[in-house]
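Note sheet for the following structure.
The values are calculated or read from the model by the stated rules, or taken from the named source; none is laboratory data. None of these values were measured; they are calculated from a predicted model. Because the Cβ atoms are built from the backbone with ideal geometry, glycine has one as well, and the counts that use them run over all protein chains shown. With ligands, DNA and RNA removed, areas are computed over all heavy atoms of the protein, side chains included. Shrake-Rupley method; radii C 1.70, N 1.55, O 1.52, S 1.80 Å.
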Amino acid sequence: MVSEEIIERFAQHLDTCAQEARDTPKITDDCPELDWDDAYRIQERLRARQLARGARLIGYKAGLTSYAKMRQMGVETPVFGYLLDTFSVPASGTCKTNELIHPKVEPEIVFVLKADLQGPGCHIGTVLAATDFVLPGIEVIDSRYRDFKFDLKSVIADNTSAARFVVGGKPLSVRGVDLRTLGIVLEKNGTPVAFGAGAAVLGHPAAAVAALANHLGQRGEKLPAGSLILSGGITEAVTVIKGDHVTLHVQEMGSVSLHFV
Ligand code: 0L1
Ligand code: MG
């Protein structure tokens, strides 16, 4: 376990990199002894800095929850982060590339809760019972690490590359729908670039939300009613540049889009 001073120094460094859209080598190059708990402590300090500037915590995210993403990044464990109102882009809105380093997009199923979820012991059933509705979402990730080269501890400290997200389409009750077999198509500039189904995320997207609630439970936190939760990219992340239009179609849930300017 590293000192509070080191935790604060890394949180400040990652915060500055995000604010200035500037990349950095991964922080474990500087501090190889960093452990998992230290990484989440840095993430908490980063969140505290952003909240102190007036941002509002509106939800959470699970990352690296699909086998496609795990394979793409060469890892085997999901990671968890938080969502602020400042990350949110309106449906069909614009995302400014000059505020980002090297954005990529991920197609996700987004959960909105109607009841608190507190781990340990959460599972698919408890998540579905606590879910108000699900809807399509595009997460824009933007690792602060040079060329997206990181290890899991560094990426946890960097709030799991969270940068922007958009939700939209048609909210759907989870009653009577099988989230495992819902198909998705991600288009870039009108061309389909990634395809998948909900089961790509840990077998069932609600399993990712359960893992998140159990993770937060270990840290004395819960997922409060009203939280918005990104359950993780169903496919590999897709690189985007200025001028790109991205649209996600989700079976039975319509579409959501984003324009990079
Ligand atoms: O949301 C995600 O799956 C991203 C997790 C962090 C790893 C990455 O930057 O791809
Ligand atoms: Mg994601």
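Structural remarks
- Scanning the stretch 160-177 for residues that are over 18 Å from Lys96 (Cβ atoms), within 16 Å of ligand 1 (Cβ to nearest atom) and not polar (S, T, N, Q) gives a single hit, Val167.
- Some residue of the stretch 20-40 being touching a Phe, Trp or Tyr at 6+ places or on another chain (Cβ under 9 Å), under 23 Å from Val110 (Cβ atoms), in contact (Cβ under 8 Å) with a residue 40 or more places away in the chain and away from ligand 2 (no atom under 16 Å from the Cβ): yes
- For the stretch 207-214, the criterion of a residue being more than 16 Å from ligand 2 (Cβ to nearest atom), more than 18 Å from the chain's Cα centre (by Cα) and not aromatic (Phe, Trp, Tyr) is satisfied by no position.
- Residue in the stretch 114-136 that is open to solvent by less than 40 Å² (accessible area, probe 1.4 Å) and touching an Asp or Glu at 6+ places or on another chain (Cβ under 6 Å) present: no
- Of note, Thr191 satisfies the criterion of being more than 16 Å from ligand 1 (Cβ to nearest atom) and either open to solvent by 20 Å² or more (accessible area, probe 1.4 Å) or not charged (D, E, K, R) (or both).
- Qualifying positions in the stretch 197-233 - open to solvent by 10 Å² or more (accessible area, probe 1.4 Å), within 16 Å of ligand 1 (Cβ to nearest atom) and at negative phi: Ala200, Ala207, Ala211, His215, Leu228
- Val177 being of a type in the set (A, V, I, L, M) and buried (at least 21 other Cβ atoms within 10 Å of the Cβ): no
- Residue pairs whose Cβ atoms lie under 7 Å apart, separated by 6 or more positions or on different chains, with the first residue in the stretch 221-233 and over 12 Å from Lys114 (Cβ atoms) and the second of a type in the set (Phe, Trp, Tyr) and surrounded by 15 or more Cβ atoms within 10 Å (Cβ to Cβ), are Ile229/Tyr60; Ile229/Phe111; Leu230/Phe165; Ser231/Phe111.
- Selection status of Lys170, basic (Lys, Arg) and buried (at least 16 other Cβ atoms within 10 Å of the Cβ): no
- Test: residue in the stretch 92-104 that is within 15 Å of Asn159 (Cβ to Cβ), open to solvent by 70 Å² or more (accessible area, probe 1.4 Å) and polar (S, T, N, Q): no
- The stretch 93-136, subset assigned to a helix (DSSP H, G or I) and hydrophobic (A, V, I, L, M, F, W, C), residue nearest to ligand 1 (Cβ to nearest atom): Val127
- Checked against (1) buried (at least 21 other Cβ atoms within 10 Å of the Cβ); (2) assigned to a helix (DSSP H, G or I); (3) not polar (S, T, N, Q), Glu139 meets all criteria but (2).
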